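J.: Below you will find the structure I want to go over with you.
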Amino acid sequence: SLWRQTCKTRALYTQIGCSTMTTTTMCDMASSKHLIVLAATAGTATLLGAHTFIIRRIQIAYDSSFSWWQYFYHLRSTNKVDFLWRCLTARWRVLPDVIILGEQKAGTTALADQFAGHPSMQGPFFAWGFGKPPFSWFDGKESQFLNGFYGARSINEQGYRRCFPLPFGTPKIIFDSSPHALVVPHGAARLHAWAPKAKLIVLVRDPVDRAYSQYQMYFRYRSAFAAPLFGSAVGPDWTFEDFIATSEKAEDSGVWDELESLGPENHLPDHLPALIHPYSLLRRGMYARNIERYLRFFPREQLLVLHISELDAERIAATMARVYAFVGVDACPVFSGTGYSAVKSGSNRGDYKTPMNPATRERLERFFEPHNAHLERLTSIHM
């Protein structure tokens, strides 16, 4: 190949009047050309290899289906490059010291607001985008990791670590907060595998009121939770009773038991976000059952259970002193406007346009009665 190239080069130079060029000089030129081609090929292969390595790290720490086009899309802006950086450095990032497990509509936002304002505590980052570019990173309340939201189907330790800071210059207590970690059956085993020494906090509320508050939230944001499950999607005209009926269908279907059987490295099913949201009204109110799942993995002294009324304006100062002692940080003044009394009139709660049907309330109270008694035996909290 080199000799053929040399002959072609000699013929070319002869045509343009360079017949005096020696064969050695032409061989040197041909060799240089090949070296340039080889260097360019090697450089391209190295670059492709580096990008392939980066994509592989992202697939491990985020989603196994993450593709090349998504990768190059992420290189277009700073916050997306930050996402790539977090995936690359995931294995070295810290895990949370404190995790608010839930329950949804029971004060998790109010408590997380207090943590976020503490000078010795730092919250997680999470990617918003429902699994499709563009993503945005927020420093805030919850990692939204165990839910399977935002395309995070590869739920493993490195994927969880990418939601938290690197250990350099971060002597703070790191917290995560989720309105869903308590209800997802796979959460306890996975969190114990990743952060076995983490302190756990659970907030509870009258399960009937909590269920109606959850329904009201879905009524306001129903377009975000309209994923089909059990053959039907959440409709704009669904009533509270429709949600209850579908939640009962979810209980009878066995899908919750299937989730509990998932190992720490298994991918989550695509229907998980739909199951967690519109179809979990009843399961979320079974507090004792969900708490006991965590107690199979974590010792009792690592768990603190609070009632939402303890975040009332009159009690929140004493409650937060107790919580900070449990967490292991110095007490901090309560931040005005972030207690439960403020949340009740804030963006996290809307006005109920219709009251709950009394017959429905009575039916739910009968349903939750044994679960409330179980919770009182377990935690001494009376509903």
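No value in this document is a laboratory result; all are computed from the given coordinates. Keep in mind that what you see is a predicted model, and the values were worked out from it rather than measured. Counting neighbours? That spans all protein chains shown, and the Cβs are built from the backbone with ideal geometry, glycine included.
J.: Please give the FRET efficiency for Glu314 paired with Glu365, using the beta carbon to beta carbon distance and R0 = 25 Å, rounded to the nearest 0.05.
T.: According to the calculation, E is roughly 0.40.
J.: Multiply the residue separation of Glu292 and Leu166 by 0.36 nm, subtract the distance between their alpha-carbon atoms, and state the gained length in nm to one decimal.
T.: Computed gain between Glu292 and Leu166 is 42.1 nm.
J.: Follow-up question, since we're still on this one. Filter the cross-link list Lys105/Lys141; Lys141/Lys249; Lys105/Lys353; Lys249/Lys353; Lys172/Lys197 down to pairs whose alpha-carbon distance in this structure exceeds 21 Å.
T.: Lys141/Lys249; Lys249/Lys353
J.: Next question, about the same structure. In nm, give the distance between the simple-model label positions of Lys197 and Asp237, each being 7 Å from the Cα along the Cα-to-Cβ direction.
T.: 5.8
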